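The values are calculated or read from the model by the stated rules, or taken from the named source; none is laboratory data. None of the values given here were measured: they were computed from a predicted structure. Cβ sites come from the backbone with ideal geometry, for glycine too, and all protein chains shown count toward neighbours. In case anyone asks, the SASA skips ligands and DNA or RNA and just uses the protein heavy atoms, side chains included. Shrake-Rupley method; radii C 1.70, N 1.55, O 1.52, S 1.80 Å.
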Amino acid sequence: MMKKVVKFGGSSLASARQFKKVGEIIRSDKSRRYVVPSAPGKRNDKDEKVTDLLYQCYDAASEGRSYKKILEKIKTRYDEIIDGLDLNLNLDYEFNQIEENFLKKAGRDYAASRGEYLNGMIMAAYLGYEFVDAAQVVFFDDNGNFDAETTNRELGERLEHIERAVIPGFYGAKQDGTITTFSRGGSDVTGSIVARAIHADMYENWTDVSGFLVADPRIVKNPQVIETITYKELRELAYMGASVLHEDAIFPVRKEGIPINIRNTNRPEDKGTLIVESTCRKPRYTITGIAGKKGFCSINIEKAMMNTEVGFGRKVLEVFERYGISFEHMPSGIDTMTVLVHQSEFEEYEQSVIAGIHRAVEPDFVEMESDLALIAVVGRGMKASRGTAGRIFSALAHARVNVKMIDQGSSELNIIIGVKNADFEAAIRAIYDIFVTTEME
């Protein structure tokens, strides 16, 4: 029998109504056997996430301020879900424990983890699945770093004899029992860890969007959904700011070759996006996705016969390293070299870096340009298509966008374009239109 791990985000579990949708999704497929819930999210724009309320409550209790009203607010959220689901479940004992531990200053990680812990108990009662406390099966070392191998072994052994289970996301424990959390959004990571431990056939990550979109919907109106994306493509897009999934969630399943399916709780009929190691499925469009970031600057270094100087690039980069500045891209010519960096990191040290470059390589000329944006055009389909760069340039020229830089990786998986911050949105729309809108027609 197939084994699927299903993780549901906070918006998917914000109310009893949402819980019922989730219940239907799980019951509609018998292979959805291991469930990883988040804490209840916002029910509307003006609402608060339970995790944020827990932080507020803990801070007040541990600092000796009045906290009872916030605790009551949290309790009410859970009671409303329990009542809405007609469950015979009482969390009074758990809330008494939480209050005691808050007053004993058990830590902010402990406070934040209770959102998932309590939602997991409700989910297990609602589905009739076994509840497995993540603190007993997800381990961190004494420094708070995730212990992948111990977790994989212990979790695998624990779940081997459990047909169906609910494992709360976001937290685990150190060897001494101290609760420790992943960074915000860490329930994605727990889902991935569970999928690896049980050798799942699929990891379904249910959220409030129907998968990854080809472009940012705040820039492009109703962009298309990416049907299939490889881990490499995803990494390129995520690095440039496209986010649906916690970045650390990819590694555990990638190790095992388990596909991830991003699905929409509110539109379960949508296929969503499948994330895979590699695929022979032809992409629907030449490109898979477009993503970008603003806030870069370029340092252009010119020196005659630069190409004959051994170690020139190393000497330049050592200057940036000295000031703790990492570079993003480094396109170069025979007598020119450009280093692109984050403007916010660079501004404080700019004069020291320029002076350092002069001392290190004695350039003829150094020039800086600020307020630049970088756009990544990513797609495995670009390898097999001729004229991709030409189409990008003609689309940008048509949109009156001046290209400041172009850099293509040797994998032919991505092309990076530099434009002015002011042209960022227009450039993304132009690229989307030439590759997606026209290829749909």
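All conditions in (1) in a loop (DSSP other than H, G, I, E, B); (2) over 26 Å from Ser385 (Cα atoms); (3) of a type in the set (S, T, N, Q) hold for Ser298, with the sole exception of (1).
Here Gly257 meets the list (1) more than 26 Å from Tyr432 (Cβ to Cβ); (2) modelled with pLDDT under 95; (3) crowded, with 23+ Cβ neighbours inside 10 Å almost entirely, failing just condition (3). Among the residues making up segment 199-226, a single one is under 18 Å from Thr265 (Cβ atoms), open to solvent by less than 40 Å² (accessible area, probe 1.4 Å) and β-branched (Val, Ile, Thr): Thr207. Considering only residues that are touching a helix residue (DSSP H, G or I) at 6+ places or on another chain (Cβ under 6 Å) and buried (at least 18 other Cβ atoms within 10 Å of the Cβ), look in segment 239-248 and name the one that is nearest to Gly272 (Cα to Cα). Looking at residues that are touching a helix residue (DSSP H, G or I) at 6+ places or on another chain (Cβ under 6 Å) and buried (at least 18 other Cβ atoms within 10 Å of the Cβ), I get Leu245. Figure legend. Inter-residue proximity from segment 19-33: first residues over 12 Å from Lys7 (Cα atoms) and in contact (Cβ under 8 Å) with a residue 24 or more places away in the chain, second residues loosely packed, with under 13 Cβ neighbours inside 10 Å and not small (Gly, Ala, Ser), beta-carbon distance below 9 Å, spacing 6+ or different chains. Indicated pairs: Asp29/Met2; Lys30/Met1; Lys30/Met2; Ser31/Met1; Ser31/Met2. Per the conditions (1) part of a helix (DSSP H, G or I); (2) β-branched (Val, Ile, Thr); (3) touching a Ser or Thr at 6+ places or on another chain (Cβ under 7 Å), the sole criterion not satisfied by Val36 is (1). Those strands (runs of 3 or more DSSP E) of segment 352-441 in which 1 or more residues are under 27 Å from the mean Cα position of the chain (by Cα) and free of Cβ contacts under 8 Å to residues at least 24 places away in the same chain occupy 405-408.
Report yes if Ile415 is closer than 20 Å to Leu234 by Cα and at pLDDT 95 or above, otherwise no.
Details: closer than 20 Å to Leu234 by Cα: yes; at pLDDT 95 or above: no.
No, not satisfied.
Within segment 232-256, count every residue that is farther than 25 Å from Thr150 by Cα and either of a type in the set (Ser, Thr, Tyr) or part of a loop (DSSP other than H, G, I, E, B) (or both).
If we filter segment 232-256 for residues that are farther than 25 Å from Thr150 by Cα, which is where we start, we get 232-244.
Narrowing further to those that are either of a type in the set (Ser, Thr, Tyr) or part of a loop (DSSP other than H, G, I, E, B) (or both): 239-244.
Of the residues in that region, 6 qualify.
Which ones in segment 319-351 are in a loop (DSSP other than H, G, I, E, B) and not small (Gly, Ala, Ser)? First the steps, then the outcome.
Here is the first cut: in segment 319-351, the ones in a loop (DSSP other than H, G, I, E, B) are 323-326, 330-331, 333-335.
Result: Tyr323, Ile325, Met330, Pro331, Ile334, Asp335.
As for segment 271-283, it holds at least one residue that is modelled with pLDDT under 95, of a type in the set (S, T, N, Q) and buried (at least 16 other Cβ atoms within 10 Å of the Cβ).
Here segment 120-135 is the region considered, the condition is being open to solvent by 10 Å² or more (accessible area, probe 1.4 Å) and in a loop (DSSP other than H, G, I, E, B), and the residue that is farthest from Glu80 (Cα to Cα) is Asp133.
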